[in-house]
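The values are calculated or read from the model by the stated rules, or taken from the named source; none is laboratory data. Here the structure is a predicted model, which is why all the values come from computation and not from measurement. Here the Cβ positions follow ideal geometry from the backbone for every residue, glycine too, while neighbour counts run over all protein chains shown. Accessible surface areas use protein heavy atoms only, side chains included; no ligands, DNA or RNA. Shrake-Rupley method; radii C 1.70, N 1.55, O 1.52, S 1.80 Å.
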Amino acid sequence: MKKNFSSILTTHYSFRIYNATAQLPSNWDDLAVSTVFLSKKYLEILEKSPPENMVCHFIGLFENETLVGIALSQFLDLNLLKSFGDRDKCIKTIVRNLVFRNFGSHVLVIGNNMLTGQNSFAFSESIDKKKAILALRSAASALEKIFQSKGKKIHITTYKDFHKEDIANFDIPEFKNDYQFSTQPNMVFKIDKNWKSEQDYIDSLSKKYRDQYKRARKKATVIEKKKMHLEDIIALEDTIYDLYLHVAQNAPFNTFFLPKNHFRVFKEIFKDKFLFYGYFIDEKLIGFNTLIKNGLVMDTYFLGYDESIQREKMLYLNMLYDMIAYSINKGFKEIIFARTALEIKSSVGAKPVKMYGFIAHSNQIVNLYMSKIFRYLEPETNWQERNPFK
């Protein structure tokens, strides 16, 4: 019987590459304590409902036969996308699209391209982190060979998203030709330990931003917010997907689109750890947002809305206030607001946290110019940071 995982020995740790959650070691979740996004349940969602152009693998690192590290990889075939995003039509966007189509359509991500933050790997406390990174590098090379055997040559390999203190672990010879980059920041909202209710948050705002809060809430008085259960999500799946797709297609840049059943599958597997809120006018769904409980951290996920109503009713801003209110009431420590819409997230109190990554092209000549090419791969965003607090 053919084995459906591979095992290779590095200088210190061995690794195994799995293509199904059923193959994962029984103690996998013992290491997935730093983030729910490496847990078996979350990986099962990726297995059952991935974007059409994405193939996921799960990597286990071993010291002898002891599991000491876990990681996620995602292969993206950008040739399967009709569009990378329709909002921007400038020359830079045209060049970026040409670069991806011709030089970087097959991308291997060590990490999670669907989220912001260090959800790439988790190690045991005893592990030698540099040697573990070396083992992950070897696993990436093995994955390149797996895809090569299927006629999919990897053009770009990237490792994302890391905090500044994580970067030292990549200071090994094997990464000397990789370009270290920093993309748009992760917008993180820290919840003051003295806040016990939404009113405490409102009271901490300066007059200008209290007025913004009042104006947004007044605009939304006709909107009814409902917590949606699995049967509600299934019943409104077509409308939900249309609202999601409207927002996704109007983003400046996309490397994937969720399948229609993604939110249903997420709710089926994550149950109460996955929150889905619908926004209605006259019983018609006009927007939604999603949240994921990740220990003491609340992660925001995908959303959707009717653009004309969003502008008129300040729906997106009201969603942000709702996320803050819920997280304060439930005792969370922080909210990961992720990338995009940086300025409006800043206006409610989120702060930018710089994230880093590494990227390399398989063509050595192209890779020499990666620092110049990267400017076209990452959309540039000009924004002004706000401070809404007194």
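In the range 313-340, the residues that are farther than 23 Å from ASN194 by Cα form Cβ pairs under 9 Å with partners that are small (Gly, Ala, Ser) and at pLDDT below 95, at six or more places apart or across chains, as follows: TYR316/ALA341; ALA338/GLY117; THR340/ALA251.
Pairs linking a residue in the range 33-48 that is closer than 21 Å to LEU296 by Cβ and not assigned by the TED database to the domain that holds ASN261 to a residue that is open to solvent by 50 Å² or more (accessible area, probe 1.4 Å) and not aromatic (Phe, Trp, Tyr), with Cβ atoms under 6 Å and 6 or more positions apart or on different chains, are SER39/ASP29; LYS40/ASP29. One residue alone among LEU342, LEU320 is open to solvent by less than 40 Å² (accessible area, probe 1.4 Å), within 21 Å of LYS190 (Cβ to Cβ), in contact with a Pro (Cβ under 9 Å, 6 or more places away or on another chain) and in the same structural domain as ILE233 (by the TED database), and that residue is LEU342. When the strands (runs of 3 or more DSSP E) confined to the range 117-193 are screened for residues that are within 24 Å of LEU78 (Cβ to Cβ) and open to solvent by less than 60 Å² (accessible area, probe 1.4 Å), those reaching at least 3 such residues are found at 156-162.
Scanning the range 27-52 for residues that are assigned to a loop (DSSP other than H, G, I, E, B) and open to solvent by 10 Å² or more (accessible area, probe 1.4 Å) yields a total of 8. Would you pick out the residues in the range 318-339 that are of a type in the set (A, V, I, L, M, F, W, C) and more than 17 Å from THR290 (Cβ to Cβ)? Answer for the range 318-339, where residues must be of a type in the set (A, V, I, L, M, F, W, C) and more than 17 Å from THR290 (Cβ to Cβ): just ILE328. Scanning the range 334-372 for residues that are out of contact with any strand residue (DSSP E or B) (no Cβ under 7 Å at 6 or more places or on another chain) and closer than 12 Å to ILE156 by Cα yields SER362, ASN363, GLN364, VAL366.
Residues in the range 313-361 that are in contact with a helix residue (DSSP H, G or I) (Cβ under 8 Å, 6 or more places away or on another chain), among the hydroxyl-bearing types (Ser, Thr, Tyr) and not in a helix (DSSP H, G or I): TYR356 only.
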